Amino acid sequence: MSDPQQFEAFMLKYQNMVFSTAMRLLANPSEAEDVAQEVFLKAFERFDDLQQSPTAGGWLKTVATNMSLNHLTRYRSRWSFFSELLKSNDADDAEPIEFAAPDTFEQDVEQADRHQLVDKALQKLPPAQRVPLVLFHLEGLSYEQIAAKLNVSLGKVKTDIFRAREALRKRLRSQLDEIRPA
Amino acid sequence: MNSEYEKQLELEVNRELQQLADLPAPATLAKRVRLAIEQRRRIKWYMQPWQNWPMPLRVGALALLLTMFGGLCFVSWRLTRAAGFAAALEEVGALFSGLNSIWNVINVLFGAVVLVFKHLGTGFLLGCAAIAGLAYALCIGLGTAWVRLAFARR
């Protein structure tokens with residue numbers, strides 16, 4: 001049987017990463033905590049192998065991603081429906097990109113606050129856009145891999161990611177404008 | 001939308017997201033995991049799946065099952081060679097004599113159905129078969145259409 005103290009240390013080392021992975025996909029703290037708990041229970045079952053493994057972090061991230069996606073699949077029809085409803089909000093009005101440059105932005109808000117804003121903006125995206133965006137930019141999956149994982153067409157993945165980027169840009173710009181002093 | 005804009009947008013979003021630090025896990029997470037592990041530990045070994053049993057017990061259980069199976073095979077083989085086996089077989093046959101009457105009833109009913117079909121003629125039977133086949137094909141067609149509509153890739 002595994003040493004509980006060693007597992008505790010293992011859990012403390014990776015809990016933020018596991019929780020973040022689940023949270024950024026699910027955008028719901030209590031659901032992300034449930035998924036993180038399941039991930040660590042799975043890890044406990046094979047702790048003897050994971051303990052010394054240099055790829056333990058990667059294993060945990062993969063399991064957290066898959067479990068979060070499984071969790072979302074249960075609500076797939078619901079979030080697909082909402083995704084269709086929200087289509088009209090994402091007009092293709094290509095405007096110049098106005099992400100605040102880091103050097104000027106630092107005069108207004110701290111880096112940590114900026115991360116918080118990005119995270120909040122990410123959480124406000126509809127699941128159909130957020131999930132492929134997170135898988136692409138944070139999990140490093142290709143468009144093809146995302147299409148296979150979500151069982152949707154390649155075209156839909158590309159469109160959803162583009163819309164997500166657009167929506168994120170708009171949300172961030174409006175939030176930054178609110179914070180920035182006149 | 002143009003590809004230059006898309007590329008620039010991708011790079012900007014990527015830069016923003018890559019800079020994100022891990023979110024702090026709730027303080028309750030570690031406690032919840034600990035409690036769940038404790039709960040699992042409290043479940044008696046024999047109530048857990050066989051693969052979770054301690055190794056000696058797993059080996060013991062497997063050996064016991066194999067021994068029992070081997071014993072059963074051996075006893076059966078010995079019984080077939082015993083002197084009173086034929087008489088015992090007859091006794092067992094008598095126990096199931098009730099089944100014989102049920103079989104007779106089924107036979108009579110089947111004969112009656114065959115007689116009715118013969119009376120109705122081949123044309124009627126072919127018509128029935130065609131309708132049944134058509135209904136079956138309709139069910140498959142409707143089912144396929146429903147599955148395609150329900151799980152259509154968007």
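The values are calculated or read from the model by the stated rules, or taken from the named source; none is laboratory data. Model, not experiment: these values are computed from the prediction. Virtual Cβ from ideal backbone geometry, glycine too; neighbours counted across all protein chains shown.
Side notes on the structure shown:
- Among residues of the stretch A:5-23, those that are at the interface with chain B (Cβ under 10 Å from one of its Cβ atoms) and either within 16 Å of residue A:132 (Cα to Cα) or of a type in the set (D, E, K, R) (or both), counted: 5
- Residues in the stretch B:101-121 that are loosely packed, with under 10 Cβ neighbours inside 10 Å and modelled with pLDDT under 85: B:101 only.
- Candidate set: the stretch B:48-58, residues that are in a helix (DSSP H, G or I), more than 22 Å from the chain's Cα centre (by Cα) and at pLDDT 85 or above; chosen: the one surrounded by the most Cβ atoms within 10 Å (Cβ to Cβ): B:58
- Meets criteria (closer than 21 Å to residue A:160 by Cβ, in a helix (DSSP H, G or I), within 11 Å of chain B (Cβ to nearest Cβ) and modelled with pLDDT under 90) for residue A:88: no
- Extreme residue, farthest from the other protein chains (Cβ to nearest Cβ), among residues of the stretch B:23-42 that are surrounded by fewer than 16 Cβ atoms within 10 Å (Cβ to Cβ) and farther than 20 Å from residue A:3 by Cβ: B:27
- Listed by first and then second residue, the pairs linking a residue in the stretch A:122-145 that is within 9 Å of chain B (Cβ to nearest Cβ) and under 20 Å from residue A:58 (Cα atoms) to a residue that is exposed (fewer than 15 other Cβ atoms within 10 Å of the Cβ) and of a type outside the set (A, V, I, L, M, F, W, C), with Cβ atoms under 6 Å apart and 6 or more places separating them unless they lie on different chains, are A:137/B:14.
- Going through (1) surrounded by 17 or more Cβ atoms within 10 Å (Cβ to Cβ); (2) facing chain B (nearest Cβ under 8 Å); (3) in contact with a helix residue (DSSP H, G or I) (Cβ under 7 Å, 6 or more places away or on another chain) one by one, residue A:26 falls short only on (2).
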